[in-house]
Amino acid sequence: VATLARTAEQTASELLAPPAPVRLTGVVPAPGQVEPAPAEDFLLPADAVVVASADPAALAVASQLAELLRPATGYPLPVTDAARPTPSGGIALALTDDDNLGAEGYRLAVTRAGVTITASTATGLFHGVQTLRQLLPPAIESPVPVGERWVVPGGTIVDQPRFAYRGAMLDVARHFFAVEDVLRVVDHLVRYKLNHLHLHLTDDQGWRIAVDSWPRLAGVGGTTEVGEGPGGHYTKADYRRIVEYAAARHVTVVPEIDLPGHTNAALVAYPELAPDKVAPPPYTGTEVGFSYVDPADDRTYDFIADVLGELAALTPGPWLHIGGDEAFKVTGEVYTGFVERTQRIVADTGKTLVGWHQIAPAAHVDGRVLQWWGTDGADPATAEAVRRGARVILSPGNHAYLDMKYSPDTPLGQDWAGLIDVPRAYEWDPGSHVAGVPEAAVLGVEAPLWTESVTSLAEIEFMLLPRLPAIAELGWSPRTTHDWAGFRDRLAGQGPRWLTAGIAFHRAPEIPWP
Ligand code: TNX
């Protein structure tokens, strides 16, 4: 009798499928609307098909989804544009005319019959795919097949971003990083629906992008970095590879040439750009603010026009970033005159100008964007530039700077803007952070990683994770959908994913990692 009873019990538990291990409410960044329907959990069958609208961009997202799911599941997951439901259920990616979803929004519906993601753009489908990925068990991150029930929690998510610009910056000038490392950073952005990668391509310690008309910039200026390392630079083919890889993942690259300061590497290569026309020694330390290109020489503006012209030609995205920070030796009218002339050069390339918020006092030009990295939200110069029409990307140094230490014993990083643990990264509101910068003037948020002390991909990941998802949530999620307590618990669920994927991260003590 006992044996019989046990058999009956087993049969019952086999019939009653265990619930999905991940909750529909567990997604980072928090979606706009989530309606769980526990009776509608979907079990991905081995013969599932990925069906997409007959549109090349939608089919590309379907292929990316299949490529994400194949390694861990070991399933073939063929991609088709025939809207032909399989007997056992599958995943459908559908483009719709539903304008309510916006340029990046999506709707994800999970029923026992399958998963449907709808969006009005391929970008929306792509974001929906990132959500679906997080709804599968963490083992989905395995690079090799694992035995797992691939269950997706039932219900519906309707989601779109609060801000259009959500980014991270990588400083490839202080330390140079290989193309492959940059591609991995793009992968990390994509998981959290960030859509811009800002590359800080030039600084005192190195010039990292080939410029045909001024070949010594990269050829000479690219051979140093902080410390003893060999530096390096991207050829135009390298750079295009980064841009194309990012574009295929709906990420726009924002290139920065930092001017007029942070230019020692350029002066080493071309002493004619230096105020005294004498080549300075190469610089491999970590001080800032000592170097500048000669603002009084027309040749300097030829250099800028040539460099920005070549960079614009390599850049499909709308932005060119001209730096403008910490030019301590170019002040007052000379500085604003320099910025205004450079702003006109950018306008001539057809691109939209971004600069660090130090450029605020310069005259307004159409579309210009200030990247604010202050630590005190009372900033009259930025507020005044906004009144004149500037928009703002928020990168508050004491919340969003990924090069700040987490705690006093963090082995890497700086502390001039304070220590940034995960709550500090998370607890601020981009919509009301800077006085006189209303939400309507906020283009979005960006988390910069300066790399004076960061030398490898593993170190990049350690500084990014888990703070990057905090900034991503502030950029994506409507204010009312999220708070620290909820974020802390959802973020904890990301840890096993990073572990499975072999991604380094800081086991922040504030997070209840499983
Ligand atoms: C300030 S933030 C800088 C960088 C440094 C960084 C270190 C900004 C626009 N300029 O040159 O790398 O601090 O945290």
Requested in this report: Pull up the DSSP beta bridges for the range 18-159 and report the antiparallel fraction as a percent, rounded to 5.
Outcome: 60 percent
Query raised in the report: Helix 298-314: angle to the longest alpha-carbon principal axis of the chain, degrees 0 to 90, nearest 10?
Result: 20 degrees
Query raised in the report: Cross-link partners among aspartates and glutamates for LYS277, C-alpha distance below 20 Å, same-chain residues fewer than 8 apart left out?
Result: ASP203, ASP204, ASP258, ASP294, ASP297, ASP298, ASP302, ASP306
Report summary line: Per the charge dipole of the range 18-159 (beta-carbon charges, Lys/Arg positive, Asp/Glu negative, Cα centre), the residue among PRO143, GLY114, LEU68 reaching farthest to the positive end is PRO143
Query raised in the report: What shape does the range 380-436 have by the C-alpha gyration tensor, where a ≥ b ≥ c are the square roots of the eigenvalues, rounded means a/c under 1.5, and otherwise prolate means a/b greater than b/c and oblate the rest?
Result: prolate
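Kindly state, to the nearest 0.05, the FRET efficiency for LEU314 paired with ALA39, given R0 = 60 Å and r defined as their beta-carbon distance.
Values: r = 52 Å, r/R0 = 0.87.
E(calc), rounded to 0.05, equals 0.70.
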**Report entry** CD proxy at 222 nm, helix term only [per DSSP H run n ≥ 4: -39500 (n - 2.57); per residue of the chain; nearest 500]
**Finding:** -10000 deg cm²/dmol
Query raised in the report: How big is the charge dipole of the chain about its Cα centre, in debye rounded to the nearest 20, if each Lys and Arg gets +1 on its Cβ and each Asp and Glu gets -1 on its Cβ?
Result: 1200 debye
Report summary line: So the angle from the long Cα axis of helix 56-73 to the longest Cα principal axis of the chain, reported in degrees to the nearest 10, equals 60 degrees
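Just to be sure I understand: of the beta bridges DSSP finds with both ends in the chain, what percent are antiparallel, rounded to 5?
The antiparallel fraction comes to roughly 30 percent.
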Query raised in the report: For helix 179-191, what angle does its Cα long axis make with the longest principal axis of the chain, in degrees from 0 to 90 and rounded to 10?
Result: 50 degrees
**Report entry** Candidates per trypsin sites (Lys or Arg not before Pro) in the range 109-203, loop by DSSP, up to 14 other Cβ within 10 Å
**Finding:** ARG112, ARG149
Requested in this report: DSSP loop (so not H, G, I, E, B), at most 10 other Cβ within 10 Å: list which chymotrypsin sites (Phe, Trp or Tyr not before Pro) in the range 374-450 pass both filters.
Outcome: TRP416
Query raised in the report: Under a no-solvent Debye model with one identical scatterer per Cα of the chain, what's log10 I(q)/I(0) at q = 0.06, 0.12 Å⁻¹?
Result: -0.30, -1.09
Query raised in the report: Taking other Cβ within 10 Å of each residue's Cβ, how do SER53, SER432 sort, fewest first?
Result: SER432, SER53
Query raised in the report: Each residue of the range 242-248 in turn: what ³J(HN,Hα) in whole Hz from Karplus with 6.51, -1.76, 1.60 and θ = phi - 60°, glycine and Pro shown as x?
Result: 5, 4, 6, 4, 5, 4, 5
Query raised in the report: By average Cβ neighbour count within 10 Å, what is the ranking of 68-79, 272-283, 23-34 from highest down?
Result: 23-34, 68-79, 272-283
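Every number here is computed from the coordinates shown, using simple stated rules; none is lab data. Computed from a predicted structure; not experimentally measured. Backbone-built Cβ (ideal geometry, glycine too); neighbour counts: all protein chains shown.
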